[in-house]
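Q: Here's a structure for you.
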């Protein structure tokens, strides 16, 4: 299954409840963020986009790793506003762009980015294969996509997978999807203690 609904607060945060959830995830996911970004190796001259930027914490970290442009997209208007508020200085200087958009229609030109990240968001993409193909489109040849999932399989997600109707591929399934979407090489690993999934796909 590669499709998921988008009406829960986790999928599309909105209103006061959604904004509080975004701030909580910024703080609560910090260890996941740090471990995940170790696998990307962002260089100072690279342009990077964060897919499903949520509360903006990953954008803030990316801005500290590169001197070039950082972009984010999210289909939640409240997430876009929260991300911009957290990173106001970079947005005001033009080094950060955050747009309200879906992963299957990224409003950026082909081959523009050196790297892309997707933290805790793929579960809720409307069509995972289409989304992966669209991310592949905006990456240059040899560009990297880093996907980080707290849950490494539907079984690992347990109650939450059913409650939120999340689509949670495991490492092998996600590797196959990325290859089908056009990525030339895909590697994945698990956090040794927490079981988090980290996937690195090369365009």
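The values are calculated or read from the model by the stated rules, or taken from the named source; none is laboratory data. This one's a predicted model, so the numbers in the text were calculated from it and none came from an experiment. All Cβ positions, even for glycine, are placed from backbone atoms using ideal geometry, and neighbour counts span all protein chains on display.
Q: I need the full set of residues from region 124-148 which are surrounded by fewer than 19 Cβ atoms within 10 Å (Cβ to Cβ) and either touching a helix residue (DSSP H, G or I) at 6+ places or on another chain (Cβ under 7 Å) or within 15 Å of residue 184 (Cα to Cα) (or both), in order please.
A: Listed by number, the residues that qualify are 129, 133, 137, 140, 141, 142.
Q: Moving on. When only residues in region 181-203 that are out of contact with any strand residue (DSSP E or B) (no Cβ under 7 Å at 6 or more places or on another chain) and surrounded by fewer than 21 Cβ atoms within 10 Å (Cβ to Cβ) count, which is nearest to residue 139 (Cα to Cα)? Full working, then the answer.
A: Of the residues in region 181-203, the ones out of contact with any strand residue (DSSP E or B) (no Cβ under 7 Å at 6 or more places or on another chain) are 181-182, 191-195.
Adding the requirement that they be surrounded by fewer than 21 Cβ atoms within 10 Å (Cβ to Cβ) leaves 182, 191-195.
Numbers: 182: 11, 191: 26, 192: 30, 193: 32, 194: 30, 195: 28 Å.
Here the residue is 182.
Q: Let me ask something else about it. Here are 165, 189, 170: which of them is touching a helix residue (DSSP H, G or I) at 6+ places or on another chain (Cβ under 9 Å) and farther than 20 Å from residue 34 by Cα? Give the derivation first.
A: Numbers: 165 fails: touching a helix residue (DSSP H, G or I) at 6+ places or on another chain (Cβ under 9 Å); 189 fails: farther than 20 Å from residue 34 by Cα.
Only one candidate qualifies: 170.
Q: Test each condition in (1) touching a helix residue (DSSP H, G or I) at 6+ places or on another chain (Cβ under 8 Å); (2) in contact (Cβ under 8 Å) with a residue 40 or more places away in the chain; (3) under 25 Å from residue 65 (Cβ atoms) for residue 151 and report the one that comes out false.
A: Evaluating residue 151 over (1) touching a helix residue (DSSP H, G or I) at 6+ places or on another chain (Cβ under 8 Å); (2) in contact (Cβ under 8 Å) with a residue 40 or more places away in the chain; (3) under 25 Å from residue 65 (Cβ atoms) leaves (3) as the failure.
Q: Okay, next question. If a residue counts only when it is within 19 Å of residue 58 (Cβ to Cβ) and modelled with pLDDT of 95 or more, which helices (runs of 4 or more DSSP H) contained entirely in region 82-191 have at least 2 such residues? Full working, then the answer.
A: Details: elements: 88-93, 128-138, 154-157, 159-163, 171-180.
Result: 88-93, 128-138.
Q: Something else now. Pull out all pairs, ordered by first then second residue, where Cβ-Cβ is under 8 Å, the residues are six or more apart or on different chains, the first lies in region 107-126 and is without any contact (Cβ under 8 Å) to a residue 60 or more places away in the chain and at positive phi, and the second is surrounded by fewer than 21 Cβ atoms within 10 Å (Cβ to Cβ) and part of a strand (DSSP E or B).
A: As it stands, the answer is 111/140; 111/141, since those pairs meet every condition given.
Q: Next question. Tell me the residue from 66, 2 that is buried (at least 17 other Cβ atoms within 10 Å of the Cβ) and at pLDDT below 55, please. So that I can check it myself, show each step before the final result.
A: Details: 66 fails: at pLDDT below 55.
Going through 66, 2 in turn, just one is buried (at least 17 other Cβ atoms within 10 Å of the Cβ) and at pLDDT below 55: 2.
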